[in-house]
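Visitor: Take this structure first; my questions come after.
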Amino acid sequence: MKTLELDLDSRSYPIHIGSGLLGSKDLLCEKITGGRAVIVSNTTVAPLYLQRVLDSVKDFDPVSIVLPDGEQYKNLDTLNQIYTALLEQHCDRQTTLIALGGGVIGDMTGFAAASYQRGIPFIQVPTTLLSQVDSSVGGKTGVNHALAKNMIGAFYQPKSVIIDIDTLQTLPDRELSAGLAEIIKYGLINDHEFFAWLEENMDRLMARDKEALTEAIYRSCENKARIVAQDEKEAGVRALLNLGHTFGHSIEAGLGYGQWLHGEAVATGMVMAANLSRRLKWIQLSDVERIETLILRANLPIRYPDSLGVERFRSLMQLDKKNIAGHLRLVLLKGVGDAVITTDFSEALLADTLRHGSIDKGD
Ligand code: NAD
Ligand code: GLY
């Protein structure tokens with residue numbers, strides 16, 4: 001097992017990564033200080049892994065809440081189901097919530113913990129690659145509103161993150177690739193060596209080699225922990241974690257949520273960010289090609305569907321949360337492993353990027 005620490009003074013917490021961790025009573029109970037353990041999961045993950053976690057925390061009179069599966073349930077109605085179950089079980093402030101599932105379960109459980117009786121402890125036990133390398137770390141919690149994604153929530157840190165890589169063996173291929181997009185993101189933002197390591201090891205990751213997965217998850221969490229420790233509430237540098245997301249969110253929203261997975265849209269978004277960076281002459285054509293090649297090897301898309309249309313795409317970008325006073329801010333690249341947050345690009349070059357997607361090979 002490997003452990004690293006997210007350093008946030010009194011709210012610091014460990015991130016444990018390894019095999020067989022769901023069965024570790026010591027790890028699961030390490031941060032439960034008393035009261036009950038309540039495991040929140042969904043109808044897909046619970047049949048696979050709930051019993052193991054229940055057994056590990058059996059000294060804390062555990063109960064479980066099993067929610068319907070899907071992004072469409074990440075809303076206030078489902079959150080209310082968690083509150084209702086907690087009240088019916090007479091759960092007090094000593095209760096610890098355990099999020100067992102992907103990012104949807106993690107985000108909702110975290111927000112339930114942030115708000116139930118004005119705040120109770122919670123533990124993240126992420127079971128998708130995306131949640132293991134991104135959503136379980138850093139304390140962004142919340143639910144969707146009918147009008148927009150992730151609009152209601154809180155920054156609220158877990159007491160620990162327990163990543164059992166064995167859970168990845170049951171993950172659908174498409175979800176594995178979606179997680180790889182976020183892993184590639186860390187290499188591109190500020191870890192050139194990690195990007196090169198991914199180039200060497202992508203085949204092992206796609207084959208779900210446990211040693212390679214452990215290393216990739218560790219280095220991703222290390223990168224994210226370093227950035228969150230500097231800027232917990234995204235006043236500055238944390239926005240770098242949105243590389244590819246302004247383009248990606250527009251693809252997700254434009255095609256209708258659920259058509260493309262978030263990681264798939266981010267993958268194409270990162271290629272578009274690289275294309276615009278190349279048009280600005282900030283990076284080499286060979287850099288764009290390296291990025292496209294790695295993303296394709298992770299079985300991820302690099303072009304958005306024509307049906308979305310350039311004008312619609314551009315207007316969707318205007319809704320991004322990073323924009324200030326209507327001005328679009330993007331995360332672009334000065335190199336592989338060197339991302340910047342910038343408004344320093346022209347509408348004309350952005351329009352070229354949206355129109356053509358790829359760089360002309362003769363460029
Ligand atoms: P998800 O939670 O919907 O999980 C994807 C699918 O995999 C679901 O059907 C789930 O039931 C299933 N699943 C989970 N673990 C499994 C396993 N081990 N074996 C088989 N099936 C399994 O999606 P996700 O990609 O994990 O997370 C996406 C969510 O995370 C979005 O709501 C997004 O907004 C959020 N998110 C949050 C942050 C953050 O910082 N808080 C960051 C990125 C994404
Ligand atoms: N997923 C982006 C962040 O946590 O800031």
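Derivation of every value follows stated rules applied to the coordinates shown; laboratory data play no part. What you see is a predicted model, and the numbers here were worked out from it, not measured in a lab. So basically every Cβ, Gly included, is an ideal-geometry build from the backbone, and we count neighbours across all protein chains shown.
Visitor: Scan segment 204-246 for trypsin sites (Lys or Arg not before Pro) in coil per DSSP, keeping those whose Cβ has at most 12 other Cβ atoms within 10 Å, and list them by number.
Guide: LYS233
Visitor: Can you list the residues, at least 5 places off or on another chain, whose amide H is less than 5 Å from the amide H of ASN150, using H built in the peptide plane?
Guide: HN-HN under 5 Å from ASN150: ASN144, HIS145.
Visitor: Quick one: if you stick a label point 7 Å off each Cα along the C-beta vector at VAL310 and ASN80, how many nm between them?
Guide: 4.6 nm
Visitor: Tell me, what is the FRET efficiency for ALA325 and ARG11 to the nearest 0.05, using R0 = 22 angstrom and their Cβ-Cβ distance as r?
Guide: 0.10
Visitor: Between SER286 and ASP352, what length in nm is gained on full extension when 0.36 nm per residue of separation is reduced by their alpha carbon distance? Numbers along the way, then the final one.
Guide: Numbers: separation 66, 0.36 × 66 = 23.76 nm, distance 1.91 nm.
That pair, SER286 and ASP352, stretches by 21.9 nm at full extension.
Visitor: Right, another one. Defining a contact as two alpha carbons under 8 Å apart and six or more residues distant in sequence, what relative contact order in percent does the chain show?
Guide: Numbers: 678 pairs, mean separation 52.9, N = 363.
Relative contact order here is 15 percent.
Visitor: Here's another thing I want to ask about it. Could you check which residue among MET108, MET202, MET272 shows the biggest mean-square fluctuation in a GNM of the chain with a 10 Å Cα cutoff?
Guide: MET202
Visitor: Compute the label zone of ARG226 within segment 7-46: residues whose backbone N is under 15 Å from the point 7 Å along Cα-to-Cβ.
Guide: Once the point is set 7 Å along Cα→Cβ of ARG226, 7 turn out to lie under 15 Å by backbone N, inside segment 7-46.
Visitor: Residues with amide H under 5 Å of LEU67's amide H, sequence separation 5 or more or different chain, H placed in the peptide plane at 1.01 Å from N; which?
Guide: Amide H neighbours of LEU67: SER41, ASN42, THR43.
Visitor: Further, regarding this structure: So what is the 222 nm mean residue ellipticity for the chain from helices alone, if each DSSP H run of at least 4 adds -39500 (n - 2.57) and you divide by all residues, rounding to the nearest 500 deg cm²/dmol?
Guide: Taking each H run of at least 4 residues, the total per residue is -13000 deg cm²/dmol.
Visitor: Where q = 0.17, 0.27 Å⁻¹, what log10 of I(q)/I(0) comes from the Debye formula for segment 37-86, counting one point per Cα?
Guide: -0.52, -1.03
Visitor: Grab the Cα-Cα distance for ASP59 and ASP26, subtract it from 0.36 nm times how many residues apart they are, and report the gain in nm with one decimal.
Guide: 10.7 nm
Visitor: How big is the dipole moment of the chain about its Cα centre under a simple scheme where the beta carbon of each Lys and Arg is +1, that of each Asp and Glu is -1, and everything else is neutral? Debye, nearest 20, please.
Guide: Its charge dipole is roughly 580 debye.
Visitor: Next question, about the same structure. Dipole of the chain (Lys/Arg Cβ +1, Asp/Glu Cβ -1, origin at the Cα centre): which of ALA46, GLN81, ALA181 lies farthest to the positive side?
Guide: Towards the positive end, the residue furthest out is GLN81.
Visitor: Something else about it: Give me the distance in nm between label points sitting 7 Å out from Cα along the Cα-to-Cβ direction at THR293 and LEU48, one decimal.
Guide: Placing both labels 7 Å beyond Cα along the Cβ direction yields 3.3 nm.
Visitor: For segment 272-302 and segment 28-59, write down the distance between their C-alpha centroids in whole Å.
Guide: 42 Å
Visitor: If you don't mind, there's one more thing I want to ask. Take the alpha-carbon centre of segment 192-220, take the same for segment 304-363, and report the distance between them in whole Å.
Guide: First find each Cα centre; the distance between them is then 28 Å.
Visitor: To continue, here is another question. For ALA207 and LEU87, what is the calculated FRET efficiency with R₀ set at 56 Å and r taken between the beta-carbons, to the nearest 0.05?
Guide: Approximately 0.75, to the nearest 0.05.
Visitor: Here's a follow-up. In degrees from 0 to 90, rounded to the nearest 10, what is the angle of the helix 245-255 Cα long axis to the longest principal axis of the chain?
Guide: With rounding to tens, the tilt is 80 degrees.
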